[in-house]
Amino acid sequence: MPAGDPQRTWFPEMLEILRARWHVGLPFAKLIELRDELDTMLHRIRAERHIRPPVIRCLRCGHVGEAAEPDVTVRAMILSLGRFGVAPAEQVKTLEKRWAAYRKQNGLDLYGKTAEPAEAGAPACAHSNMPG
């Protein structure tokens, strides 16, 4: 993938941090801190390199515009351990299952933060209140 690809989430400098900081038995609190650091790094890299999100067509309403900026979720970070050869597939699968259980037990969102209750009557599309 080219360095400026609008759909790219994992950049080499992020993978360096992931490889250096991840280890078996890393507590979930530290895993969430690492996710926060990698997400901040992703947004900084994309801003510094002027990488815009891809243009998409909303499947719900047909609106054409920029997609949401990509974010690093805890699960995406866990799966990247296997994808980039940081950890064996068996460890990744076990960690993914443990994370799902921990997330549910503690009421956390995709980013490891306390989940916000969904608002009743919230718009179906984030852009539905935007003009044209």
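How charged is the neighbourhood of residue 23? Take every other residue with its Cβ under 14 Å from the Cβ of residue 23, and add Lys/Arg as +1 and Asp/Glu as -1.
Counting the neighbours of residue 23, the net charge comes to +2.
Excluding ligands, DNA and RNA, what is the solvent-accessible area per residue of the chain at a probe of 1.4 Å, expressed in Å²?
Spelled out: the 1.4 Å probe surface of the chain, per residue, equals 65 Å².
Kindly identify the chain as rounded, prolate or oblate by the Cα gyration tensor criterion: order the square roots of the eigenvalues as a ≥ b ≥ c, call it rounded if a/c is under 1.5, otherwise compare a/b with b/c, prolate if a/b is larger, else oblate.
oblate
What FRET efficiency do you get for residue 57 and residue 110 if R0 is 30 Å and r is their Cβ-Cβ distance, rounded to the nearest 0.05?
0.80
Please give the charge dipole size of the chain, origin at the Cα centre, charges +1 on K and R Cβ atoms and -1 on D and E Cβ atoms. Round to the nearest 20 debye.
With only Lys, Arg, Asp and Glu charged at Cβ, the dipole is about 360 debye.
The values are calculated or read from the model by the stated rules, or taken from the named source; none is laboratory data. As the structure is a computational prediction, the values presented were derived from the model and not from experiment. Cβ coordinates were reconstructed from backbone atoms using ideal geometry, including for glycine residues, and neighbour counts include every protein chain displayed. Remember, those area values only see protein heavy atoms, side chains included, never the ligands or the DNA or RNA. Shrake-Rupley method; radii C 1.70, N 1.55, O 1.52, S 1.80 Å.
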